[in-house]
Amino acid sequence: MATEITTTTGTHGTPGSEWWRSAVIYQIYPRSFADASGDGIGDLPGITSHIDSLAELGIDAIWLSPFFTSPQNDAGYDVADYCDVDPIFGTLDDFDRMLEEAHSRGIRVIVDLVPNHSSDQHRWFQEALAAGPGSEERARYIFREGKGANGELPPNNWESVFGGPAWSRIEEADGTPGQWYLHLFDSSQPDFDWNNRWVHEQFLDILRFWLDRGVDGFRVDVAHGLVKQEGLPDWTPPAESNSMGGGLEDEAEEAALSPYWAQEGVHEIYREWRDLLNTYEGERVLCAEAWVDPLHKLAKWVRSDEMHQAFNFGYLETKWDASALRTVIDDSYEAFHSVGAPSTWVLSNHDVVRHASRLAVTADNPQGDGLGPRSKGLPDPVIGLRRARAATALMLALPGSAYIYQGEELGLPEVIDLPDEARQDPTWHRTNGERYGRDGCRVPIPWEADAPAAGFNTTGESWLPQPSGWGAFARAEQRGVEGSTLEFYRRALALRKEHNVGLGSFTWLQHDEPEVLVFRTEGLTVMANTGATPVPLPEGADVLLASADLDGDTLPGDTTVWLAS
Ligand code: GLC
């Protein structure tokens with residue numbers, strides 16, 4: 001079937017060291033994972049009570065989205081106290097207990113750090129409002145005078161990622177219209193001024209606080225946004241670029257990059273953080289959420305003295321298409337290897353349409369728009385799940401680290417028909433419903449079919465309504481059931497570990513059918529058929545994993561297999 005061709009990739013590292021190079025990390029979105037208190041919002045005791053399910057799944061670490069004190073205007077990404085737990089999620093003691101339970105099962109724990117902005121309810125911002133223009137307190141954030149005769153126009157034309165202007169005007173203490181402050185996201189999320197050393201010191205303290213408590217690392221929110229270009233010049237994004245700074249593939253466009261994403265100055269910040277992490281025992285890590293294209297530019301975030309991982313969103317955004325996948329895999333290895341870093345694969349998270357739906361959407365769907373009843377090209381759920389499993393089997397066979405998002409191991413689709421009045425994402429509200437936003441991937445996950453809130457809690461409350469039929473995806477329904485998505489994930493993770501795939505080598509094999517990808521890694525041959533036409537399996541193939549039922553000796557469309565080789 002195949003002739004070997006030159007590979008652009010090499011091997012990734014030595015087993016047993018640098019766990020983050022090969023780890024499979026499970027993202028917990030705490031408000032939707034498990035709700036022990038029964039108030040309809042998940043919490044830390046809920047996570048602790050289900051930690052055995054995660055150990056059983058076979059993951060190496062968990063990353064928790066924010067559970068810190070917050071008014072929850074952006075589901076906790078608006079932090080009002082970086083060193084405490086919001087009462088809706090529990091207490092610091094609950095965190096310690098959860099951490100201990102995870103560690104005792106060999107599961108590492110990464111927390112989310114949100115350094116680009118705080119909540120407007122943070123003491124630092126409240127003090128800045130009270131202290132007035134020109135004060136030290138105002139200098140923590142980006143306050144400017146407005147333009148126009150009476151300062152009635154924003155200081156520049158920047159737009160919020162969530163829609164609408166990126167500036168809001170405050171009322172000064174004496175009740176007069178005052179300065180404007182920058183918020184790249186919601187108006188309740190003022191951006192810090194990272195030119196101010198005071199801000200650096202606060203965040204070093206925050207890192208120490210969590211490192212001293214024993215966390216294994218940080219996922220760094222908006223890691224490409226902290227530093228803004230001097231003078232804050234006007235800028236209009238090119239039409240084809242998405243709202244998070246992606247989509248700029250062409251060098252010329254890259255040169256015209258925005259004045260707020262991917263500024264050189266951010267790297268100095270991470271070098272200082274890395275130095276701090278290196279003073280701690282164990283390998284504590286930093287993972288960048290940086291929507292930066294192209295991949296060789298993203299690779300700057302993972303140079304050896306900066307972060308350890310950066311989500312490979314270029315891969316996430318690639319369609320289910322052999323040629324596009326092959327290109328992005330090659331580009332990834334080339335870019336990350338050039339700085340000695342692993343690629344950090346990911347297909348779903350709390351910001352994107354779940355891949356069990358996304359891979360079957362038939363119209364353009366820019367990141368952040370979400371899906372709703374009026375969206376174009378709505379996915380066929382059967383095709384979506386089939387492709388999602390095939391895409392997962394492909395991803396988990398690739399050397400490097402991988403993140404999986406809670407519920408994908410259950411095959412959860414995006415919830416498309418959430419009632420308008422239930423939607424909570426600021427994107428939905430700031431665009432008056434023009435963009436659905438991200439609620440559809442955040443619906444509380446099902447544990448048991450016939451329990452209140454599908455086992456999310458015992459009261460039946462749920463901060464976003466679960467759709468009818470959600471119980472069919474419940475973990476208890478899939479556990480031990482041959483062919484279920486849950487058992488498929490468990491098997492893939494076990495085989496990945498057994499074959500040490502994460503640290504393995506990688507070699508493409510040529511296949512006659514352009515819609516089929518074939519590669520070899522660590523005693524495995526992986527075949528992914530992204531087309532619709534079945535192709536023969538190699539003679540005598542020993543199938544170790546299949547993302548769907550096989551039809552005799554053929555590999556059907558939208559299916560991936562791992563073969564012993
Ligand atoms: C990141 C988070 C997203 C949040 C935004 C602002 O992109 O993943 O959920 O809304 O930052 O903090």
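Quick note: the coordinates plus some simple rules give every number you see, no bench work behind them. Everything quoted here is computed from the prediction, not taken from an experiment. Don't worry about glycine lacking a Cβ; one is built from the backbone with ideal geometry, like all the others, and counts go over all protein chains shown.
Overview of results
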{"read-out": "Spatial separation of Cα centroids for the stretch 163-182 and the stretch 50-106, in angstrom", "value": "34 Å"}
{"read-out": "Charge tally in the Cβ shell below 10 Å around E448, where Lys, Arg are +1 and Asp, Glu are -1, E448 excluded", "value": "-1"}
{"read-out": "Degrees, to the nearest 10: 485-498 long Cα axis against longest axis of the chain", "value": "80 degrees"}
{"read-out": "Pair T327, S565: separation of 7 Å Cα→Cβ label points (nm)", "value": "2.4 nm"}
{"read-out": "Burial order of peptide ranges 22-35, 449-462 (average beta-carbon count within 10 Å, highest first)", "value": "22-35, 449-462"}
{"read-out": "Measure of compaction for the stretch 52-197 (Cα Rg per 2.2 N^0.38 Å)", "value": "1.30"}
{"read-out": "Alpha carbon centroid spacing (whole Å) that separates the stretch 209-235 from the stretch 374-396", "value": "32 Å"}
{"read-out": "Amide H contacts under 5 Å for Y141, placed H, 5+ residues apart", "value": "D193"}
{"read-out": "For the chain, with +1 on Lys and Arg beta carbons and -1 on Asp and Glu, the positive-most of G40, A422, Q466 along the dipole", "value": "Q466"}
{"read-out": "Peptides 97-108, 398-409, 220-231, 125-136 ordered by average Cβ neighbours within 10 Å, highest first", "value": "398-409, 220-231, 97-108, 125-136"}
{"read-out": "Solvent-free Debye scattering, log10 I(q)/I(0), computed from the Cα coordinates of the stretch 309-423 at q = 0.15 Å⁻¹", "value": "-0.66"}
{"read-out": "Length-normalised contact order for the chain - Cα pairs under 8 Å, 6+ apart - percent", "value": "16 percent"}
{"read-out": "Under 5 Å, built H, 5+ apart or other chain: amide partners of E522", "value": "S505"}
{"read-out": "Global geometry of the stretch 356-461, whether rounded, prolate or oblate, following the gyration tensor of its Cα atoms and the 1.5 cut on a/c", "value": "oblate"}
{"read-out": "Cα-based reach from K300 at 27 Å (exclusive), listing lysines while leaving out same-chain residues under 8 positions away", "value": "K228, K319"}
{"read-out": "Global form of the chain, assessed from the alpha-carbon gyration tensor, a/c cut-off 1.5", "value": "prolate"}
{"read-out": "Cα-only radius of gyration and Dmax that characterise the stretch 280-374, units Å", "value": "14.9, 52"}
{"read-out": "Mean Cα-pair separation over length for the stretch 474-548, i.e. relative contact order, pairs under 8 Å, 6 or more apart, %", "value": "20 percent"}
{"read-out": "Potential extension, N500-H429 segment - 0.36 nm per residue separation minus Cα distance", "value": "21.0 nm"}
{"read-out": "On Cα atoms only, tilt of 381-396 relative to the major axis of the chain in degrees", "value": "90 degrees"}
